Amino acid sequence: MTQADPSGLLGAAPADNGAVVARNLSTRYLAIATEAVLGVLILPFNVAHLGPSAYGLWVLTASITAYFSVLDMGYSGGIVKFVAQYRTQRDVRALNEILSTLLVAFVLIGLLMYVVAIVLAANVATLFNIAPEQHATARLVLLIVSVNVAASTAFSVFGGVINGFQRYDLNNVVGAASSVATALVNVAILLAGYGLVELTLGMTAVRVLTLWVYRANAYRVFPGLSLSPARFRMARLREVTGFSVHMAVIDWANKLNYSVDALVIGAFMNTTAVAVWAIGQRLAELAQRLANQLNDILFPAVVENDAAARLDRLRRIFVDGTKLSLAAVVPLAGVLFLFADPLVLAWVGPSFQASVEVLQLLAIVVVIRVGNATGATVLKGAGSHRVVAATNLGTALCNVALSIALVTPFGLRGVALGTLVPVAAGSLLLLFPLACRRVDLGVGQAVSRAVVPAVWPALPMCAFAVATRPFVPPSLPAVGLAGAAAAAVYGLTFVLFGLSS
């Protein structure tokens, strides 16, 4: 039975407010920009003070713990869906049962992660090629870093509350502030003459303390939040698992999609080819990350409108989200495609000329992925998550098979095509039409209302780039300026002719 909310324990009712999306999206880009700037400034400082060997050890331990997320079974992604759903239904009791149940699950998963970290630390000398004098340091650093990973998992319920209430801006601002505080602690510890273990301890302390800020914000946005192990319900765990397991499949398939190509190249070609591939892949992934922030933010809005059976708003989210996603990715990926040659030459030199074609093919992949991301978000949040999981898994397996089949006769081009073909087929032939059907919109209507207004402004951008490219010297400032000018041509055309009031 739904429990009423006469005391306002859930805060204000969900609103159809574009300002919420703008606030969430702008602060997300603030957090990304903060991380990027600090990363550029701090990396050479750390290498200079730690030395390449110790810095490499630090990167290795961080890379190991990055894979611990596969143990959460998709609960960290699923929690947002159920928070948004039961908030829309104004059911305080169900929300607290769901959150209490997941808190217990997250604590147990965090403990499991730390047990795995202990096992890895005990066997670090045999699992990795680490110098004998670094064995003790490697164990300590891995165990310290894993404290943050396990604690972050246990506190995931609070971040899920904030995101489910569409207050991504709170998480974004706290994340940006935490990045600045961590960077300051980083610099202070190394300037004081301490080493890698002390640095890891200091940075982990800042990050763990930040988790308590997330917790305080969760109680702020949801005044009725009441967590207790006594509210654990096995039925609620089954309810969440029925959704989250498909989120886990999507996450695993995405990891397979993004990591398998380098493994195939390493197995069938050589490490030099892997390096050439990595240049194009890194740039394409950066463009995808920058262009695809909107769709994570739209997910709880999709869930809320589906729970309230507001088909008109779902249709609006699908159309406008697709149009804006394409408007974000087309100029980014278009600049990478059009200026790939001078960009690669200026960044890494003529020995990586083969990266140009890789970058161009992967730029097309990025446009398709981001352009279809709103459709996938609508399907995930409005009851069709199983088909998204199955499609992503099928795409990943086809990627593996095609890449293996094409790498020998076509080299890096074959691996890129092995990625492009299944992504295009799954997105354009299956997910996009299904999303159109879910919001009761014809495919032709969707293309004319969402795709065409965001794609045709690329024509004047291409004309400008083709006309100016012969005059662009192979230097990063020159390429950046030319690319920005081309993107500005797109942006001006889109704003004037592609956007409605």
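General remarks:
- For segment 187-226, alpha-carbon Rg over 2.2 N^0.38 Å: 1.73
- For ALA216 and LEU191, the FRET efficiency from 1/(1 + (r/R0)^6), where r spans their Cβ atoms and R0 equals 45 Å, is about 0.90.
- Cβ-placed point charges (K, R +1; D, E -1), dipole of segment 181-240 about Cα centre in debye, nearest 20: 460 debye
- Across the accessible surface of the chain, with the other protein chains kept in place and a 1.4 Å probe, carbon and sulfur atoms take up 68 percent.
- Normalised by residue number, the volume inside the convex hull of the Cα atoms of segment 295-354 is 93 Å³ per residue.
- Dipole orientation for segment 340-449: of the candidates VAL388, GLY349, ALA373, VAL388 has the Cα lying most toward the positive pole (charges on Cβ; Lys, Arg +1; Asp, Glu -1).
- Farthest toward positive dipole pole in the chain [+1 Lys/Arg, -1 Asp/Glu at C-beta], among ASN148, GLY110, ALA450: ALA450
- Probe 1.4 Å, accessible area per residue of the chain, Å²: 44 Å²
- Per-selection Kirkwood Rh - the chain (Cα, Å, 1 d.p.): 24.5 Å
- Kirkwood hydrodynamic radius of segment 339-470, from the reciprocal of the average inverse Cα-Cα distance over all distinct pairs: 16.7 Å.
- Both numbers refer to the Cα atoms of segment 264-336; Rg and Dmax are 18.0, 54 Å.
- Net charge of the neighbourhood of LEU420, taken over other residues with C-beta under 13 Å away and scored Lys/Arg +1, Asp/Glu -1, is 0.
- For q = 0.14 Å⁻¹, Debye-computed log10 I/I(0) when each Cα of segment 322-417 counts as one equal scatterer: -0.68
- Helix-only [θ]222 nm of the chain, DSSP H runs n ≥ 4, -39500 (n - 2.57) each, per residue, nearest 500: -26500 deg cm²/dmol
- Rounded to the nearest 20, the Cβ-based charge dipole of segment 33-174 about its Cα centre (Lys and Arg +1, Asp and Glu -1) stands at 300 debye.
- Taking 20 Å as the cut-off, the amide N atoms of segment 356-378 that come nearer than this to a point 7 Å along the Cα-to-beta-carbon line of PHE410 belong to 356-369.
- Accessible surface ranking that places the most exposed of ASP440, ASP341, ASP306 first, with a 1.4 angstrom probe: ASP440, ASP341, ASP306
- Within the chain: Cβ-based charge dipole about Cα centre, in debye rounded to nearest 20 (Lys, Arg +1; Asp, Glu -1): 920 debye
- Counting every alpha-carbon pair across segment 371-411, the share separated by more than 14 Å comes to 58%.
- Net length gained if the chain between LEU429 and THR241 were fully extended (0.36 nm per residue, minus Cα distance): 64.8 nm
- Expressed in units of 2.2 N^0.38 Å, where N is the residue count, the Cα radius of gyration of segment 423-501 is 1.45.
- Note on VAL59 and ARG386: their simple-model spin labels are 4.4 nm apart, each label 7 Å out from Cα toward Cβ.
The values are calculated or read from the model by the stated rules, or taken from the named source; none is laboratory data. What you are looking at is a predicted structure, and each value in this text was computed from that prediction instead of being measured. When we count neighbours, we look across all protein chains shown, and the Cβ atoms used for this are built from the backbone with ideal geometry, even at glycine. Ligands, DNA and RNA are excluded from the accessible area calculation, which covers all protein heavy atoms including side chains. Shrake-Rupley method; radii C 1.70, N 1.55, O 1.52, S 1.80 Å.
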